[in-house]
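Take a look at the structure set out below.
Quick note: the coordinates plus some simple rules give every number you see, no bench work behind them. Model, not experiment: these values are computed from the prediction. Because the Cβ atoms are built from the backbone with ideal geometry, glycine has one as well, and the counts that use them run over all protein chains shown.
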Amino acid sequence: MEKAEIRKQIRELKRAVPMDEKLRRSETVMRQVEALPEFQKAQVVLLYWSMTDEVQTHDFVNRWYRDKKLLLPCVDGDDLRLRPYTGPDCMVAGAQFGIGEPDASLPEFTDLDKVEIIIVPGVAFDPTGNRMGRGRGFYDRLLKSTPNAMKIGVAYDFQMLDEIPVEPHDVKMDKVISEILNS
């Protein structure tokens, strides 16, 4: 299958899942993330503030921001800039896509070598760690600038495919976690 066809198919599957079920499934996924020894040890974690069709992270972020330095991406043109999450009051709608992100008054985090774990959303993943995003390359560019960080893809089970098309610029995940798969 081609990427456009996969994106369309996954988008339809996501739409079919009611939000209360997405929240339940997301909790299962994110509990596996927080049980990882690597997550337990990490002090600086890059997450994402979920959109309605992604594995939901809002509760997870709010559960952990007092214990770890949590960073969230902010869209800036074709790149992602990182800012600390300091609590629910710091969030605003991003200018480019309206995705929640920390307010621009917070300092940008630029010491990318200190990022220990990155929790990465995606449209689809395969068992070997390949990831397919939305097609703009935001995360691939960011992931290349954080070579020391463990990259963990999170997905609903129906986002796990046997194989996805891969391009040279695609960055592989070190681990992918879904509701029942922990590879």
Extension length gain for E12 and D76 (0.36 nm per residue less Cα distance), in nm, is 20.2 nm
Expressed in nanometres to one decimal, the distance between label points 7 Å along Cα→Cβ at L112 and R134 is 2.0 nm
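Could you order peptides 9-19, 100-110 by the average number of other Cβ atoms within 10 Å of their residues, highest first?
Working: 9-19: 12.4, 100-110: 15.6.
Descending mean neighbour count gives 100-110, 9-19.
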Hull surface over four for the Cα convex hull of the chain, reported in nm², is 9.8 nm²
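For the range 73-166, state which trypsin sites (Lys or Arg not before Pro) are in a DSSP loop and have at most 11 other beta carbons lying within 10 Å of their beta carbon.
Working: sites: R81, K114, R131, R134, R136, R141, K144, K151; in loops: R134, R136.
When the trypsin sites (Lys or Arg not before Pro) of the range 73-166 are filtered for loop state and at most 11 Cβ neighbours within 10 Å, R136 remain.
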Cα axis of helix 19-35 to longest principal axis of the chain: angle in degrees, 0 to 90, nearest 10?
-> 70 degrees
Top of L71, L23, L47 by mean-square fluctuation, Gaussian network on the chain, Cα under 10 Å = L23
Relative frequency of Cα-Cα separations exceeding 16 Å in the range 113-178, percent | 39 percent
With r as the distance between the Cβ atoms of D157 and M19 and R0 = 25 Å, compute the FRET efficiency 1/(1 + (r/R0)^6) and round to 0.05.
-> 0.90
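Tell me the relative contact order for the range 3-177 as a rounded percent, counting alpha carbon contacts under 8 Å between residues six or more apart. Numbers along the way, then the final one.
Working: 310 pairs, mean separation 37.9, N = 175.
With pairs under 8 Å counted, the relative contact order is 22 percent.
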Burial ranking of peptide ranges 56-66, 36-46, 152-162 (average Cβ count within 10 Å, highest at the top) = 152-162, 56-66, 36-46
A chain fully extended from E167 to E27 at 0.36 nm per residue, minus the present Cα-Cα distance, gains in nm 47.3 nm
